[in-house]
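Written out below as structure tokens is the structure these notes cover.
Values in this text are rule-based calculations from the coordinates and carry no lab data. Not measured: the values here are computed from a predicted model. Here the Cβ positions follow ideal geometry from the backbone for every residue, glycine too, while neighbour counts run over all protein chains shown.
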Amino acid sequence: MPDPAAADESGVVAVGADLEPGTVLAAYRAGLFPMHVGNDLLAWWSPDPRGVIPLDGLRVSRSLRRSRRRFGVSVNVAFDEVVAGCAGQPRPHGWINEEISTAYGRLHRLGWAHSVEVWDDDGSLAGGLYGVGLGGLFAGESMFNRRADAAKVALVHLVERLRAAGATLLDVQWSTPHLASLGAVELSRPAYLARLDEALATIGVRPFADPEPDPDPL
């Protein structure tokens, strides 16, 4: 993969290639992630600064603690539905097209991509998130809400799983005001790559070893 230091001011390192599993996983290991520019051009990104959520720094408000009690949570039960939910969210620069959905669905079936689902009490999908896990890294790709706070509940559950499993790095690509309110911080590219090397060297991290739904709502 190309050197992340070759990125332009927008964070684009290179364009082209494919979304085969080996290509995508090599990109994450190199500190890159795929996202289209416009409708067709596949680009590989390394933003500087890079958004991360410290696993010991997630901010859980009192209202969010109350919201957790309203939902049930599962992992890896409805991956395709979560990706579709993320793709359907109104965003100014939506990037989850059919090619991306297919690629991450393939990674999920190979055991590399994972989802956290949040369920309403009527059994409907209220929100969730998905991303890629490699060693001690979880690279968050997207999240969505159909009910207030559902995506935040998914994030809290993800962080708790990552911490319990010994993961060290939760990458969120860019820090938005929304993510900053939850504890996201920005790292320079060199600092992120150093943290990434440490995370990839971590062994025995299996936060999604059990794919069954949790027995009780949070």
Inset, instruction - Find the percent of Cα-Cα distances in the stretch 13-106 that exceed 22 Å, and round it to a whole number. - result: 47
Legend entry - Among ILE100, ILE53, ILE203: highest mean-square fluctuation, GNM of the chain, C-alpha pairs under 10 Å: ILE203
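So for the stretch 6-86, averaging the separation of alpha carbon pairs under 8 Å that are six or more residues apart and normalising by length, what relative contact order in percent results? Write down the numbers at each step before the final one.
Details: 55 pairs, mean separation 21.2, N = 81.
26 percent.
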Inset, instruction - Working from the alpha-carbon coordinates of the stretch 129-218, get Rg over Rh, Rh being the Kirkwood radius. - result: 0.97
Inset, instruction - Quick one: check the C-alpha center-to-center distance for the stretch 98-147 versus the stretch 48-77, whole angstrom. - result: 14
Legend entry - Volume in Å³ per residue [convex hull over Cα atoms, computed for the stretch 4-45]: 59
Inset, instruction - Using only alpha carbon pairs under 8 Å that are at least six residues apart, calculate the relative contact order of the chain and give it in whole percent. - result: 27
Inset, instruction - Name the residue, out of GLU141, GLU20, GLU117, whose mean-square fluctuation peaks in a Gaussian network model built on the chain with Cα pairs under 10 Å. - result: GLU20
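Using R₀ = 22 Å, calculate the FRET efficiency as 1/(1 + (r/R₀)^6) where r is the Cβ-Cβ separation of ALA6 and TRP174; round to 0.05.
Working: r = 19 Å, r/R0 = 0.86.
The pair ALA6/TRP174 has a calculated efficiency of 0.70.
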